[in-house]
1. Which ³J(HN,Hα) values, rounded to whole Hz and listed in residue order, are derived for segment 32-40 from phi using the Karplus coefficients 6.51, -1.76 and 1.60 in 6.51 cos²θ - 1.76 cosθ + 1.60 with θ = phi - 60°, glycine and proline given as x?
2. Under 5 Å between amide hydrogens, which residues at least 5 positions from ARG143 or on another chain qualify, with H placed 1.01 Å from N in the peptide plane?
3. What list of ³J(HN,Hα) couplings, whole Hz, do you get for segment 93-98 from phi and the Karplus terms 6.51, -1.76, 1.60, once you set θ to phi - 60° and write x for glycine and proline?
4. Grab the other residues whose beta carbon is less than 13 angstrom from that of HIS116, score K and R as +1, D and E as -1, and report the net.
5. Using a 7 Å offset from the Cα along the Cα-to-Cβ direction at both ASP104 and ARG32, what is the distance between the two label points in nm, to one decimal?
6. Positive end of the dipole of the chain, charges at C-beta (+1 Lys, Arg; -1 Asp, Glu), about the Cα centre: which of LEU149, HIS138, VAL5 has its Cα farthest in that direction?
7. Could you size up the charge dipole of the chain around its Cα centre, putting +1 on the beta carbon of Lys and Arg and -1 on that of Asp and Glu, and report it in debye to the nearest 20?
8. So what's segment 2-162 giving for Rg/Rh, alpha carbon basis, Kirkwood Rh from the mean inverse pair distance?
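What follows draws every value from the coordinates through simple rules; no lab data is involved. Source: prediction; values computed, not measured. Cβ sites come from the backbone with ideal geometry, for glycine too, and all protein chains shown count toward neighbours.
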Amino acid sequence: MKAYVGLGSNLGDRETHLKAALEGMAGLPETRLGRVSSVYDTAPVGDLDQPNFLNAVAQVETELTARQLLWNLLLIERRLGRVRSAARRFGPRVIDLDLLVFGDQVLESEELTVPHPELHRRGFVLAPFAEIEPGLVHPTLGRTMAELLDDLEERPRLKPTSRPWG
């Protein structure tokens with residue numbers, strides 16, 4: 001199954017945190033890391049009183065279920081020092097790993113919703129996603145990642161800053 005994961009970091013050595021998360025994903029059982037986007041320097045959304053993020057999107061091919069993959073992503077976050085806070089849900093974080101798309105599956109539960117419910121509204125996710133997979137069709141909206149990026153009312157001015165993973 002092809003899945004896509006959004007990565008973000010806005011605390012400490014952001015680039016090192018993204019690399020460590022990718023290494024963790026590459027080491028998951030029954031999973032192979034595929035294409036990874038460039039890194040995008042982006043302003044925070046929602047809670048604006050925090051540093052800019054570095055964001056990227058990675059493709060993985062996995063034999064895991066969506067829930068198993070999510071559980072492993074949360075474990076990687078914890079190992080890298082992520083502490084989730086209900087008081088400041090959209091606050092600063094060492095690392096954030098979001099399961100964006102899991103094949104063409106549509107799942108909705110208390111613990112997991114795929115495709116990610118905010119995917120089509122977030123330029124900081126759509127820009128790197130469209131970079132590596134512009135023709136991928138959103139499972140519920142029927143639009144490609146490139147079309148969804150073009151559809152944003154206020155298209156973000158995002159430029160890739162680097163591609164540290166080759």
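1. 10, 6, x, 5, 10, 6, 5, 8, 10
2. HIS138
3. 8, 5, 8, 9, 10, 10
4. That works out to -2.
5. 2.2 nm
6. VAL5
7. Numbers: 20 positive and 24 negative charges, 94 e Å.
That gives the chain a dipole magnitude of about 460 debye.
8. Rg/Rh for segment 2-162 comes to 0.93.
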